[in-house]
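Working notes, structure below.
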Amino acid sequence: MIRQGKILTAAVVGAAFMFGAASAKAEDERIYKLGEIEITDSVSWVNSKPMQEVSSEEFEAGSATSVSEALEQLPSVNFTPNSKGEKRLNIRGFSDRYIQVYFDGIPVALPYEAYIDLGNYNTFGIDKIELETAGGSVLFGPNAAGGAVNIVTAKPNKPFESAIEFMYKSGDTYQTRIGLGSKIGKAYGMLSVAYEDSDGFELPSGYDERNENGGLRDNSGYWRGTITGKVGYEFAKGSEVAFGINHINSSLELPPNTKEIDNGKNNSPVRYWNYEEWDKDTYYLLGSVRKDKYAVTARLYRDEYYNVMNRYKDNTYTECLSPSWCNSAYDDYSNGVIVNTEIKTGAINTVILSGQYKKDVHKTRNDKTPEWEKDVAETYFAGIEDRLTLGKFIISLGGSYEVNNAISSDSEEELNDDIKVFNPQATVIYNMSPNTILHAKAARKTRFPSMKELYSSYSYNNGGQTTYFANSDLKEEKAMNYEIGIKQTLFDTVLVQANVFYSKIDDKINTKAAYTGNDPNASADAQTSDNIDDVTMQGFEVMLGGDFTKNTTTIASYAYIDAEKSIEGDDSDIVADVPEHKFYLDHSYRIGKIFVLGGRINMEKGRYSQKSDYSYKELDTYWTADLRAEVSPLKYTSIEVGVENVADEEYELSYGLPQAGRTYYAKLKMKI
C-alpha cells in the first residue's frame, strides 16, 4: 500500500472534546446550534420531535472511531461492506442513495455516486450524530426518501480545552488524536487532527477459503488523516457566524472477495484494487440571526472529492488489469447554498421555510481516456411547514417542490429531462404527559436518479462489447412513508422509544435490468438501469438508554424489518443487505470513582447477500461480544483496554467479505 502521509504524520491526530458534568447553562452553550438542521428554539418541539441521536459520550467507549461504527447502536441502522471497501449505510431497508448525509448541515454525498462512505469519517471532534427517519422535516432537503443523518461537530465553551488520545489495536493499527478548543468572550475556535495507520485486521482463527488462507486479512491495510476545525463569533444569543472545514486524506487497500471464482476477466467478482488516494474536503460558511418573531440560518458551501483507483491483474498488485483500470480518477465538487427561516406568526403557530440549491460536477479520466469527461447537474428545493400547537397537540403540515436539472454530460449525447416533483407530508405529536410523547407521521418523498445511473456505460467484456448501458430516461423513485411511535421516560433517568413503520417505494431503479435496446455492440448479457422495481419495508424498532442505577448505564435496541421487492417476471421477493432481526446491547458498570467495566453484544439474523451470479445467499446468524475496562488514575487521564469479538466469531455482512476476528486494543486518553 502506498503510504504518502502528505499532510499528516503518525504523531498527530484529532480528538473530540470531552466535557464533564456542567450546569444547564453551560450545557446549552456547548451545543453547536449552527451545526444542527432544526432551526426552531421551541422547547416543546425540540423535546417532542421524533428524532434519534447518538452522543459523543455514547460512542467514545470502545475502539470505534468512525461514524459508521457509532451509528450501529441505533436499531434500524446497518452497514454493508462492498468490494470497494465502502461501508454502505442502510436505514429501515433504505440504502444510502435514499439517505441524505450532512456534516454540520452541509450535504456531503458524492456528486456522481450519490452516497458517502461514513467509514471514512472520524468521530473525534464530533459532539453528536442526529438521525431523522423517513418522512422527516422539509429542512432535511431533497433525496431524503429514506431519512437523513447529520454529523454535528463539537463547540468549546471554556477558554482552554484540550484532548489527546493514543490507541493501539490488533493488526498493527495505530491511532493518535489531538484536539484544541477555546471560547473567549463571544469568539470561539476548535481544531482536531486525526491520523490512523493500519496493516489490516485479523481474521477469525482457522479461516480458510478459496482466495484467503487466514491470519491478517489480505490487502486490508490503510492510512487516513482527518482535520476538522472552525472559528466563530456570537453576536447575541441565537445570532452567530462561523467558518468550518473538514479534510480527509487517505489511501485504502481493498480486500478481495474470498469465496467467488476469479475468471481473470473484467467482469470477475474477485477484484484486486486499491484506492491510491481517497480525499474529501468540505468548506462552509454558516450564519444565523434570531429575533423574537423570526430566525434565519444560512449555509454557503463547497464540497470536493478526489480519488485515484487502480485495479490489478492479480494479488501481487503490480500490473494494472487494463489501461481503463489504471489511474482511474474522479475529480468532483458541489457548490451550494441553504437558507432556512422560522417565522412565528402567532402564539401557537410557526411557519418553517427552506430554500436549497446545489450544483454537482463530476469529472473522470483513466489511462485509456486521459482527457477529463464531465457531467453536471443542479438541484433546486423549496419547502414549507406550518407547525400549530393546540393544547397538548403539535400538528405540522407541509410539502416541498423539488427540481433535478441535467446541465451537460460528455459521456452521453442525450440528457434526461428535468424532473419536477411535489411532496406533501404531515406530523402529529401528542404530549400525553411530561414523561410520555406520542407521534404519527406520513410523507411522500422522492429520490432523483444519480449521474452514475443516468450516464455510466462500460464494458466488462474482454472482447470490447458494451456490457452495461446508461439510461438517461430514468425517472424519480417515489416513496410513501408512515410511522407511529412513543417516547417514554422511566425513573427520570431512562428514555424508551418505540416506532412502527411502513414504507413503499414505487418505480425503484433496478441497476441490473436486462438491456433491450438495439445497440449492435451490446453483449449478449448486457444490462442497464430501469424503473421496474416496487419495494415494501415494514417493521418495528425499540430502543432504550439511561442509568438504571447510580453506577450503571445501559443502551439497548432491537429492530424487526420485513423487506420485500416485486419485479414482473422475477419470482424472488428478497431484498439484499437488510437483516430481518438486529439486536444491540451496551452496559457499563462504575466501581468507585476511577474504574469502569463494560460489555457489548451485537446480533443479526435474516440478512441476505447477492452473489455474482445474481442468486441470493442467506448469511449465517451471528452473535458477537466485546469487553472493556477503564481506569482513571489521574484527574485528566484514563487508560482503557478491551477485547472485541471475544469468541472469535466467524461472520459476514456481505458474501465473501469476512469481518474481523478477536481484536485487542488499548488506549490512553488525556483531556483538560
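The values are calculated or read from the model by the stated rules, or taken from the named source; none is laboratory data. Computed from a predicted model, the values in this text were never measured in an experiment. Please note: Cβ atoms are built from the backbone with ideal geometry, for glycine as well, and neighbour counts cover all protein chains shown. Quick note on the areas: whole protein, heavy atoms, side chains included, nothing else; ligands and nucleic acids left out. Shrake-Rupley method; radii C 1.70, N 1.55, O 1.52, S 1.80 Å.
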- From zero up to wherever the largest Cα-Cα distance of region 425-526 sits, split into 5 Å bins and tell me the percent of pairs in each. 3, 10, 15, 12, 10, 9, 8, 8, 7, 6, 5, 4, 3, 1, 0
- Message: Assuming 0.36 nm per residue, please report the length gained on full extension of the stretch Asn521 to Glu58 beyond their Cα-Cα distance.
- Response: 161.2 nm
- Based on the Kirkwood radius over alpha-carbon pairs, what is the Stokes-Einstein translational diffusion coefficient of region 45-99 at 37 °C with 0.692 mPa s viscosity, in µm²/s? 258
- Could you sort out which of Lys374/Lys478; Lys550/Lys671; Lys280/Lys508 sit more than 26 Å apart by Cα distance in this structure? Lys374/Lys478; Lys280/Lys508
- Query: Over the Cα atoms of region 226-286, what is the Rg over Rh ratio if Rh follows Kirkwood?
  - Reply: 1.38
- Message: Given an 8 Å cut-off on Cα distances and at least 6 residues of separation, report the relative contact order of region 560-619 as a percent.
- Response: 29
- Could you give the nm distance between label points at Asn327 and Tyr233, where each point is 7 Å from its Cα heading toward the beta carbon? 4.6
- Sorted list, accessible surface of protein heavy atoms, 1.4 Å probe, largest first, for Glu60, Glu402, Glu371 is Glu371, Glu60, Glu402
- Query: In whole angstrom, how far apart do the alpha carbon centroids of region 304-335 and region 557-618 sit?
  - Reply: 32
- Roughly what would the spin-label model give for Trp372 and Ser408, points 7 Å off Cα along C-beta, in nm? 1.1
- Taking the Cα centre of each part, how many Å lie between region 355-420 and region 47-120? 21
- Message: Report the Rg/Rh value for region 234-363, based on alpha-carbon coordinates and the Kirkwood definition of Rh.
- Response: 1.25
- The orientation-averaged projected area of the Cα convex hull of region 331-452, in nm², is 10.4
- If you take the beta carbon distance between Thr316 and Asp262 as r and set R0 to 22 Å, what does 1/(1 + (r/R0)^6) give as a FRET efficiency, to the nearest 0.05? 0.95
- Extension gain, Ser472 back to Thr549 (0.36 nm per residue minus Cα-Cα distance, nm): 21.8 nm
- With θ set to phi - 60°, apply the Karplus curve 6.51 cos²θ - 1.76 cosθ + 1.60 along region 33-44 and write out the HN-Hα couplings as whole Hz, x wherever there is a Gly or Pro. 4, 4, x, 7, 8, 4, 9, 6, 9, 5, 4, 5
- Message: Contact order normalised by length for the chain, with contacts defined as Cα pairs under 8 Å and 6 or more residues apart; what percent is it?
- Response: 11
- Item | Extension gain from Asn213 to Lys512, taking 0.36 nm per residue of separation minus the Cα-Cα distance | 104.4 nm
- P(r) for the chain: what percent of alpha-carbon pairs falls in each 10 Å bin, starting at zero? 3, 15, 26, 29, 19, 7, 1, 0
- Task: Using label points projected 7 Å from each Cα along Cα→Cβ, tell me how many nm separate Lys291 and Val43, to one decimal.
- Result: 2.5
- Value of [θ]222 nm, deg cm²/dmol, for the chain, DSSP H segments ≥ 4, -39500 (n - 2.57) each, nearest 500: -1000 deg cm²/dmol
- Note on the structure: In this structure, the FRET efficiency calculated for Asn435 and Tyr168 from their beta-carbon separation, with R0 = 41 Å, to the nearest 0.05, is 0.40
- Query: Ignoring ligands, DNA and RNA, what percent of the 1.4 Å accessible area of region 512-568 is carbon and sulfur?
  - Reply: 49
- Task: Let me know the volume per residue of the alpha-carbon convex hull for region 155-252, in Å³.
- Result: 116
- Message: Less than 12 Å Cβ to Cβ from Val494, Lys/Arg counted +1 and Asp/Glu -1: what total charge do the surrounding residues give?
- Response: -1
- Of Asp279, Asp473, Asp41, Asp562, which has the most accessible area and how do the rest follow, probe 1.4 Å? Asp473, Asp41, Asp562, Asp279
- Note on the structure: Result for region 82-140: accessible area per residue, probe 1.4 angstrom, in square angstrom, of 14
- Query: Considering only protein heavy atoms and a 1.4 Å probe, what is the carbon-and-sulfur percentage of the accessible area of region 619-664?
  - Reply: 57
- Part-to-part distance (alpha-carbon centres) for region 237-299 and region 621-639, which is given in Å: 29
- Message: Averaging over every viewing direction, what projected area does the convex hull of the Cα atoms of region 299-363 cover, in nm²?
- Response: 7.2
- Task: Can you quote the Å³ per residue value for the convex hull of the Cα atoms in region 517-672, rounded to an integer?
- Result: 190
- Message: Please compute, over every Cα-Cα pair in region 400-460, the percentage with a separation greater than 14 angstrom.
- Response: 70
- Query: Based on Cα positions only, what radius of gyration and what Dmax would you give for region 546-603, in angstroms?
  - Reply: 19.4, 64
- Note on the structure: Taking R0 as 35 Å and r as the Cβ-Cβ distance between Ser457 and Asn82, the FRET efficiency 1/(1 + (r/R0)^6), rounded to the nearest 0.05, comes to 0.95
